[in-house]
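Notes for the one structure printed next.
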Amino acid sequence: MISRFPSFLKKALLTTALLSAGHAYAADTVGLVVYNAQHESLTKAWVEGFTQETGIPVTLRNGDDTEMGNQIVQEGADSPADVFLTENSPAMVLVDNAGLFSPLDKSTLEQVDAAYRPAHGKWVGIAARSTVFVYNPSKLTEADLPKSIMDLAAPSWKGRWAASPGGADFQAIVAAMLEQKGEAATLDWLKAMKTNFTAYRGNSSVLKAVNAGQIDSGVIYHYYAYVDQAKTGENSKNTALHYFKHKDPGAFVSISGGGVLASSKHKEQAQAFLKYITGKDGQAVLKNGKSFEYAVGKNAASNPKLVPLQQLDAPTVDASKLDSKKAVELMTQAGLL
Ligand SMILES: [Fe+2]
């Protein structure tokens with residue numbers, strides 16, 4: 001309710017709370033403000049666990065990676081955000097390049113496998129997702145499957161695959177290809193993609209179209225199929241997943257990130273939130289919940305239904321270098337955006 005009050009009133013209320021409260025966290029009745037670009041249901045589960053454990057309330061503002069990343073950069077030091085959570089790394093890089101993150105506590109960084117966080121420690125991986133080739137087995141046999149995502153540029157794939165180029169998920173895949181293959185090869189691939197592929201809005205729509213036989217195949221993230229399977233399976237029952245593996249650009253594992261804003265006035269609580277998410281209980285939400293994203297904590301297990309992360313043979317890509325601006329520029333140049 002308090003979040004709806006005009007800011008001067010909110011300030012007055014906070015001051016009153018500050019004066020009357022003996023408890024450190026009761027100083028702020030709004031609690032932490034988290035700009036959340038991760039799937040809302042996953043973050044809500046994290047917030048519930050965190051608030052239960054610490055008593056710290058959390059206010060979520062939801063949006064997508066690019067939108068929220070740009071908003072934080074625009075707001076700069078005046079941003080009300082204490083924490084930023086994303087689906088993919090490029091939006092974290094955007095905010096980091098603007099110098100807006102505060103270094104994370106060592107104890108938080110140490111909870112996460114080094115492969116799933118940038119070495120500089122300004123932000124950390126909170127979950128991971130794998131690129132996957134989804135196909136309709138009535139349209140493609142195993143022998144027809146592409147060996148590499150790069151193969152989808154060949155004329156033989158014209159009209160046979162789909163993607164959601166407007167989304168941050170796919171743009172992260174392109175940013176990783178750019179990092180792995182360089183600008184010229186990526187642009188060539190994107191131009192061929194424009195000729196070959198069919199655009200859908202959102203990974204779920206790609207999955208549905210493949211399932212319905214409207215298109216043979218698509219490039220999405222793995223969890224869309226698992227989430228659907230865990231429900232009714234009606235949008236995935238006619239599909240199968242093919243993992244490219246072999247360090248292919250199409251085997252890219254995208255890291256969802258979390259960071260504390262340097263401008264946060266609740267740094268201690270914000271740090272505690274990221275420590276919780278990356279810790280035992282927070283990572284268990286990934287294993288036991290319905291997100292089907294991968295856990296990235298040291299010794300943290302993912303949902304047993306998933307192909308183990310270690311078996312995906314993902315390419316090594318420095319997440320702190322993923323350049324969403326350049327990726328979007330190339331996609332625009334290729335006529336995809
Ligand atoms: Fe997604």
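For segment 285-308, the candidate set comprises residues that are hydrophobic (A, V, I, L, M, F, W, C) and either outside the structural domain of K44 (by TED's automatic domain parsing) or farther than 18 Å from Q111 by Cα (or both); within that set, the residue that is surrounded by the fewest Cβ atoms within 10 Å (Cβ to Cβ) is V307.
Of all residues in segment 201-211, at least one satisfies being in a loop (DSSP other than H, G, I, E, B), at pLDDT 95 or above and within 15 Å of the ligand (Cβ to nearest atom). Restricting attention to segment 228-238 and to residues that are surrounded by fewer than 20 Cβ atoms within 10 Å (Cβ to Cβ) and over 21 Å from the mean Cα position of the chain (by Cα), the residue that is nearest to the ligand (Cβ to nearest atom) turns out to be K231.
Comparison of A162, A172 shows that the only residue that is within 16 Å of the ligand (Cβ to nearest atom), assigned by TED's automatic domain parsing to the domain that holds V210 and assigned to a strand (DSSP E or B) is A162. Quick check on Q111: is it crowded, with 22+ Cβ neighbours inside 10 Å and either away from the ligand (no atom under 16 Å from the Cβ) or hydrophobic (A, V, I, L, M, F, W, C) (or both)? Considered against the rule, which asks whether it is crowded, with 22+ Cβ neighbours inside 10 Å and either away from the ligand (no atom under 16 Å from the Cβ) or hydrophobic (A, V, I, L, M, F, W, C) (or both), Q111 comes out as yes. Quick check: anything in segment 177-200 within 16 Å of the ligand (Cβ to nearest atom), in a helix (DSSP H, G or I) and at pLDDT 95 or above? No.
Yes or no: S138 under 23 Å from N211 (Cβ atoms) and in contact with a helix residue (DSSP H, G or I) (Cβ under 6 Å, 6 or more places away or on another chain)?
No: the conditions fail for S138.
Does A225 satisfy the criteria of being over 20 Å from V328 (Cβ atoms), without any contact (Cβ under 8 Å) to a residue 40 or more places away in the chain and either of a type in the set (A, V, I, L, M) or more than 16 Å from the ligand (Cβ to nearest atom) (or both)? For A225, the condition - over 20 Å from V328 (Cβ atoms), without any contact (Cβ under 8 Å) to a residue 40 or more places away in the chain and either of a type in the set (A, V, I, L, M) or more than 16 Å from the ligand (Cβ to nearest atom) (or both) - is not met. Looking across S156, S205, one residue alone is within 23 Å of Y226 (Cα to Cα) and out of contact with any strand residue (DSSP E or B) (no Cβ under 6 Å at 6 or more places or on another chain). It is S205.
Among the residues here, E183 qualifies as among the charged types (D, E, K, R) and touching a residue at least 40 places away in the same chain (Cβ under 8 Å).
The values are calculated or read from the model by the stated rules, or taken from the named source; none is laboratory data. This is a predicted model, so every value here is computed, not measured. Because the Cβ atoms are built from the backbone with ideal geometry, glycine has one as well, and the counts that use them run over all protein chains shown.
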